[in-house]
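Here's the structure, in structure tokens; my notes come after.
The values are calculated or read from the model by the stated rules, or taken from the named source; none is laboratory data. Remember, predicted model here, so these are calculated numbers, not experimental data. FYI the Cβ positions are ideal-geometry reconstructions off the backbone, even for glycines, and counts take in every protein chain you see. Just so you know, the surface numbers come from the protein's heavy atoms only, side chains and all, with ligands and any DNA or RNA stripped out. Shrake-Rupley method; radii C 1.70, N 1.55, O 1.52, S 1.80 Å.
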Amino acid sequence: MLFRSLADRLKALQRRREALKGELAREVRRGDRPTARIGLMRRVVERFRMAGGKTAEQARAKLSAAGYRDKDALTVYLFAKIALPLAAGAAAAGVVYSLKPIELDPVHAIATCLGIALLGSLAPDFHLGKVTQRRQAAIRRALPDAFDLLVICAEAGLSLDASFERVAREIGEGAPELAEEIGLTAVELGFLPDRTKALQGLVDRVPMPGVRALVTTLAQTERYGTPLAQSLRVLAAEMRT
């Protein structure tokens, strides 16, 4: 689910930190027992064999871009893709064939039911698209201020990890969406063996030109040892322009 308060975001980052520790130590971390509702959804998804493969990976990327990173988010999304077309089609059939608000010939009646079922199948993606647009718009508005804060942190001598953590704290109240992404990147920078992978994860979650430019600059700084503050100052000026 989306994190609606600073406390929720901090808890989510802490869970991500613990998960990364477990992965690096090659330990299996047991999750909480699923609720009966989630368990039912999971069984349905497994029955239709939708939890694996390329489709599931694409769905997970969509959910991540929209800010849904709960461990059961993918299960709920895939279940909705199964259940909503069936529910919408059944409801349409009940109205068309039982209530009969208007007289339809058999062909138009079937087409109406199928059309409404199709709308039901598109509803989860439409919802994710709207949420992602709002989230990216909020992140885009907050990027220039975040870049300026990164410049200040770099000029103060903070490392990249520490700079990300500080910026996430500073903008947490005013720009929670960007703070969540930067905070998650700070956690991954501290625990993933490949720091480039942690930076690339930020681009994957927030596929925006400004974020991509930031990650490219940071990756070059990490690789070639160029001064971080100078690179960020140039990028911040370009972002302001």
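Residues in the stretch 164-185 that are surrounded by fewer than 23 Cβ atoms within 10 Å (Cβ to Cβ), part of a helix (DSSP H, G or I) and out of contact with any Lys or Arg (no Cβ under 8 Å at 6 or more places or on another chain): E165, R166, R169, E170.
Residues are listed down the side, and each one gets a yes or a no for (1) loosely packed, with under 15 Cβ neighbours inside 10 Å; (2) without any contact (Cβ under 8 Å) to a residue 40 or more places away in the chain; (3) out of contact with any Asp or Glu (no Cβ under 7 Å at 6 or more places or on another chain); (4) more than 18 Å from G67 (Cβ to Cβ):
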site: L202; (1), (2), (3), (4): no, yes, no, no
site: V206; (1), (2), (3), (4): no, no, no, no
site: T226; (1), (2), (3), (4): yes, yes, yes, yes
site: S231; (1), (2), (3), (4): no, yes, yes, yes
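Looking at the stretch 32-56, which of its residues are touching a helix residue (DSSP H, G or I) at 6+ places or on another chain (Cβ under 8 Å) and either among the acidic types (D, E) or open to solvent by less than 100 Å² (accessible area, probe 1.4 Å) (or both)? Of everything in the stretch 32-56, those that are touching a helix residue (DSSP H, G or I) at 6+ places or on another chain (Cβ under 8 Å) and either among the acidic types (D, E) or open to solvent by less than 100 Å² (accessible area, probe 1.4 Å) (or both) turn out to be P34, I38, M41, R42, V44, V45, M50, A51, A56. All of L122, L149 fail the test of being modelled with pLDDT of 90 or more and within 30 Å of A90 (Cβ to Cβ), apart from L122. Looking at this structure, is A90 under 24 Å from E180 (Cα atoms) and surrounded by 12 or more Cβ atoms within 10 Å (Cβ to Cβ)? It is false that A90 is under 24 Å from E180 (Cα atoms) and surrounded by 12 or more Cβ atoms within 10 Å (Cβ to Cβ). Within the stretch 134-157, does at least one residue satisfy the condition of being in a loop (DSSP other than H, G, I, E, B) and either free of Cβ contacts under 8 Å to residues at least 60 places away in the same chain or surrounded by fewer than 13 Cβ atoms within 10 Å (Cβ to Cβ) (or both)? Yes, the stretch 134-157 contains a residue that is in a loop (DSSP other than H, G, I, E, B) and either free of Cβ contacts under 8 Å to residues at least 60 places away in the same chain or surrounded by fewer than 13 Cβ atoms within 10 Å (Cβ to Cβ) (or both).
Quick grid of which residues meet (1) in contact (Cβ under 8 Å) with a residue 60 or more places away in the chain; (2) open to solvent by 60 Å² or more (accessible area, probe 1.4 Å):
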{"residue": "Q58", "(1), (2)": "no, yes"}
{"residue": "A73", "(1), (2)": "yes, no"}
{"residue": "I102", "(1), (2)": "no, yes"}
{"residue": "P124", "(1), (2)": "no, no"}
{"residue": "V131", "(1), (2)": "yes, no"}
{"residue": "A162", "(1), (2)": "no, no"}
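Looking at the structure I just gave you, is R212 assigned to a helix (DSSP H, G or I), more than 30 Å from A88 (Cα to Cα) and without any contact (Cβ under 8 Å) to a residue 12 or more places away in the chain? Considered against the rule, which asks whether it is assigned to a helix (DSSP H, G or I), more than 30 Å from A88 (Cα to Cα) and without any contact (Cβ under 8 Å) to a residue 12 or more places away in the chain, R212 comes out as yes.
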